[in-house]
Amino acid sequence: MTEAFGRFAARPEWTPWARRLVAVRHPILLALAFLSTYIQRGDADWTLLSAGGQRLFSAAPWTVYAHTSGLQAGPLTLVVVRGMNILPGGWGLWATHVLLAILGWYLLFLAERWTSPDVGLRRAPLKTGLLTLAVGIPVMVEWGWVAGDSPHLEDPLAILLFLLAVRAITKGNETRAAVLIGLALAFKPWAIAALPLVLGCQRKIKAIAIAIAVPAACWLPFVLGDHATLSAAGHGFRWLDNAPLHLLGLASGPLPDWWRSAELLGVLAAAALAARQDWRIAFAAGCTMRLLLDPAAFPYYYAGLLMATALTERLIGARPWRTAVLFVGVGVLPAVSDSKAAYLLQAVTLAVVYVSWLQPLRGRATANPFRRRLTFTGRDAGAPA
């Protein structure tokens, strides 16, 4: 991990203030998360999620997906949204903004803590702390699109469950990891990218059975309760101008009802293919492919991808060049230009990042995950220094 700054020796004249900066790195990142959330605050899709949560607790809960057009969030998400809306007035929305802002910072904190066990909130090696800041600042800038503009609880919660599942596998808690992966799918269908994480388990068959059974128990009642649920999941959508496949001229007009299912299968295949290099990169690689196949490219999609990529690079001890490329290609570029050329560069950025996950990982992070369980702390197990 810290090799990213290994070439730059700390100079005596800037070391003191750099250490003071490192000591307050987490307050800086948390403040930036709140600031970006406040700037981007809005209620995009919150009305849709709230309507789904209300219908879920109505007299006909099994019809929620069949009769709520455009709803893509999982059943557990609707439960959480309904719980947030118990608060009077618009406080449920504001509470969601705050919680998601805190969660964005907390994901980075957990990744740092687990990859550098001796690091505390204020104390950290200079290179480790500076790397946290260098990666965390652009991630928190973009995080406002998730926590503020489109407060979709399911995306951040799926990323949290991915991180917890990786931690559980490395600690040998494979049943817990399988349940966490299944819960991610119950929050958001595209979290199917997390399913190949079970390749890091010793008892793979048991893990994949649990990881499939958990979301099946959550989704099947809606599928069986109203057979229109499956067709409604992909009905009524159109390809947006910035969708990669639309830019290439491969898709246009209304979205076929079967496309969502094909997209999920493509995401799963892409994640599984990347997992051949290292099971820990499956989720980030699958999320990248999801945006290449998706008919829409909303800013909060890219913000979630940026977070997943940053966490994955930290976990495997890789230099965070993918995070930097994504920040420029899908974060900064749309703010500068909304031309077709800019959209094409976004698609190229996604393709380059996905292909990079298929290349053999270099350094100590290349330990074969199929032969032994990797840990965060062992020097011979692919963990960062």
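The values are calculated or read from the model by the stated rules, or taken from the named source; none is laboratory data. Here the structure is a predicted model, which is why all the values come from computation and not from measurement. Because the Cβ atoms are built from the backbone with ideal geometry, glycine has one as well, and the counts that use them run over all protein chains shown. Heads up: the accessible areas ignore ligands, DNA and RNA and are worked out on the full protein's heavy atoms, side chains in. Shrake-Rupley method; radii C 1.70, N 1.55, O 1.52, S 1.80 Å.
Can you tell me which of (1) assigned to a helix (DSSP H, G or I); (2) over 29 Å from Val325 (Cβ atoms) is the one His227 doesn't meet?
So the condition that His227 fails would be (1).
What is the one condition in (1) assigned to a helix (DSSP H, G or I); (2) among the charged types (D, E, K, R); (3) free of Cβ contacts under 8 Å to residues at least 24 places away in the same chain that Asp118 does not satisfy?
Of (1) assigned to a helix (DSSP H, G or I); (2) among the charged types (D, E, K, R); (3) free of Cβ contacts under 8 Å to residues at least 24 places away in the same chain, only one is false for Asp118: (1).
Which pairs do you get when a residue that is under 29 Å from Ala186 (Cβ atoms) and among the polar types (S, T, N, Q), found in segment 246-265, comes within reach of a residue that is open to solvent by 80 Å² or more (accessible area, probe 1.4 Å) and at pLDDT below 80, reach meaning Cβ atoms under 9 angstrom, with the pair 6+ apart or on two chains?
The qualifying pairs are Ser261/Leu230.
Please work out which residue is farthest from the chain's Cα centre (by Cα), limiting yourself to segment 127-180 and to residues that are over 30 Å from Trp91 (Cβ atoms) and charged (D, E, K, R).
Applying the filter and picking the extreme gives Lys127.
Quick check on my filter: what residues within segment 241-267 are open to solvent by 50 Å² or more (accessible area, probe 1.4 Å) and among the aliphatic types (A, V, I, L, M)?
Selection gives Leu248, Leu250, Leu264, Leu265.
Looking at Ile210 and the list (1) open to solvent by less than 50 Å² (accessible area, probe 1.4 Å); (2) within 23 Å of the chain's Cα centre (by Cα); (3) under 24 Å from Asp294 (Cβ atoms), which single condition is not satisfied?
(3)
Give the residues of segment 64-94 that are over 21 Å from the mean Cα position of the chain (by Cα), closer than 22 Å to His227 by Cβ and open to solvent by 30 Å² or more (accessible area, probe 1.4 Å), sorted by residue number.
Passing the criteria: His67, Ser69.
Just to verify a result, which residue in segment 298-328, among those that are of a type in the set (D, E, K, R) and assigned to a helix (DSSP H, G or I), is surrounded by the most Cβ atoms within 10 Å (Cβ to Cβ)?
Arg314
Name the one entry in Trp105, Trp114, Trp145 that is closer than 20 Å to Thr77 by Cβ and either open to solvent by 10 Å² or more (accessible area, probe 1.4 Å) or not aliphatic (A, V, I, L, M) (or both).
Going through Trp105, Trp114, Trp145 in turn, the sole match is Trp145.
Scan Gly172, Gly120 and give me the residue that is modelled with pLDDT under 95 and on the phi > 0 side of the Ramachandran plot. Steps first, answer last, please.
On the way: Gly120 fails: on the phi > 0 side of the Ramachandran plot.
Of Gly172, Gly120, the one residue that is modelled with pLDDT under 95 and on the phi > 0 side of the Ramachandran plot is Gly172.
I'm checking my understanding of the structure. Among residues of segment 150-182 that are among the charged types (D, E, K, R) and in contact with a Lys or Arg (Cβ under 7 Å, 6 or more places away or on another chain), which one is most open to solvent (accessible area, probe 1.4 Å)?
Glu174
Out of everything in segment 339-357 that is free of Cβ contacts under 8 Å to residues at least 12 places away in the same chain and not hydroxyl-bearing (Ser, Thr, Tyr), what residue ends up being nearest to Trp114 (Cα to Cα)?
Among those that are free of Cβ contacts under 8 Å to residues at least 12 places away in the same chain and not hydroxyl-bearing (Ser, Thr, Tyr), it is Val355.
Is there a residue in segment 128-151 that is in a helix (DSSP H, G or I), touching an Asp or Glu at 6+ places or on another chain (Cβ under 9 Å) and closer than 20 Å to Ala275 by Cβ?
No.
Which of (1) without any contact (Cβ under 8 Å) to a residue 12 or more places away in the chain; (2) within 17 Å of Lys188 (Cβ to Cβ) does Tyr302 not meet, given it meets every other one?
Of everything listed in (1) without any contact (Cβ under 8 Å) to a residue 12 or more places away in the chain; (2) within 17 Å of Lys188 (Cβ to Cβ), Tyr302 misses just condition (1).
Return yes when Val223 is surrounded by fewer than 18 Cβ atoms within 10 Å (Cβ to Cβ), among the β-branched types (Val, Ile, Thr) and on the phi < 0 side of the Ramachandran plot and no when it is not. Before you say what the answer is, go through the steps one by one.
Details: surrounded by fewer than 18 Cβ atoms within 10 Å (Cβ to Cβ): yes; among the β-branched types (Val, Ile, Thr): yes; on the phi < 0 side of the Ramachandran plot: yes.
For Val223, the condition - surrounded by fewer than 18 Cβ atoms within 10 Å (Cβ to Cβ), among the β-branched types (Val, Ile, Thr) and on the phi < 0 side of the Ramachandran plot - is met.
Name the pairs whose Cβ atoms lie under 7 Å apart, with the first residue in segment 158-175 and among the β-branched types (Val, Ile, Thr), the second at pLDDT below 95 and open to solvent by 30 Å² or more (accessible area, probe 1.4 Å), and 6 or more positions between them or separate chains?
Thr170/Arg373; Thr170/Thr375
Quick grid of which residues meet (1) of a type in the set (D, E, K, R); (2) in contact with a His (Cβ under 6 Å, 6 or more places away or on another chain); (3) buried (at least 20 other Cβ atoms within 10 Å of the Cβ); (4) at pLDDT 85 or above:
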| position | (1), (2), (3), (4) |
| --- | --- |
| Thr2 | no, no, no, no |
| Ala9 | no, no, no, no |
| Pro12 | no, no, no, no |
| Thr15 | no, no, no, no |
| Ala18 | no, no, no, no |
| Val24 | no, no, no, yes |
| Trp46 | no, no, yes, yes |
| Ala51 | no, no, no, yes |
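Conditions first: (1) modelled with pLDDT under 95; (2) more than 25 Å from Gly304 (Cα to Cα); (3) part of a helix (DSSP H, G or I). Ile210 passes all but one, so which condition is the exception?
In the conditions (1) modelled with pLDDT under 95; (2) more than 25 Å from Gly304 (Cα to Cα); (3) part of a helix (DSSP H, G or I), Ile210 misses (1) alone.
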